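Here is the structure we will look at, set down as structure tokens.
The values are calculated or read from the model by the stated rules, or taken from the named source; none is laboratory data. The structure displayed is predicted, hence computed values, not measured ones. Every residue, glycine as well, gets a Cβ built from its backbone with ideal geometry; the counts of neighbours run over all protein chains shown.
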Amino acid sequence: MRIALGLEYDGSEFCGWQSQAGGGAVQDALESALSVVADAPTRVVCAGRTDAGVHALAQVVHFDTDAVRPDTAWVRGVNAHLPGSVAVRWAQPVSGEFHARFSARGRRYRYLLLNRGERPGLMARRVGWFHRPLDADAMAVAAALLVGEHDFSAFRSIECQAKSPVKILRRADVTRRGDLLVFEFEASAFLHHMVRNLVGTLVYVGKGAHPPEWVANILAGRDRARAAPTFEACGLYFAGVDYDQVWQLKVGAGDTPMILP
């Protein structure tokens, strides 16, 4: 039997999603909890890996098991064995053809950036921070220039293992909510560090170092060295996954409320 799960987590205390030999990853914590409920070793596959310090609002995973359990056992039972910063939100049986990663048609990320002179206290490790005033309108204009099918090599980590740097960015928005800037990105798929590199480059526009058109030039140049440094991980959230209706998942992308302070 194949089971799909939806979960959320605070990535602050983890070394990332992917399992590590010494433990300490979100995947390690989830597989350990699932193995207790299934009474057998259990491995999971996720829709999108997250780096150390990155959070998830709506991660989706699947796993195979011979254990027959009610859906509630895969939610409340697994949650009872997870650390407090990770929670399963829903569970359901799915077709054996469903794959959390390869069945996904798109993924969504959100970045929260605190823009004020003082560093975050209450929101520490849950938002990025930039101390100088930023022009959100100029950043929004620049972000719109990134939408479409492009070679995103200029925003790709040298450690990226994707076969192609060409992705379809369907949405790139920047809005201000008081002292908080909210970045929303939707794409067919993302390159390693792509969102954090995009945020860093948009911040350069926001602080007045370059006009919005500079971002289009960086994109066209395909040179990572010309773009801004990678922005910090703590403000980044894996916000959801798009799947075809045929899978009839309980929860898809976009159903999680905006998490704001």
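Check GLY53, GLY48 and return the single one that is at pLDDT 95 or above, within 29 Å of LEU113 (Cβ to Cβ) and under 15 Å from the mean Cα position of the chain (by Cα).
GLY53
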Report yes if GLY208 is farther than 30 Å from TYR9 by Cβ and in contact (Cβ under 8 Å) with a residue 40 or more places away in the chain, otherwise no.
yes
Kindly check whether there is at least one residue in segment 182-191 that is closer than 25 Å to GLY16 by Cβ and touching a Cys at 6+ places or on another chain (Cβ under 6 Å).
yes
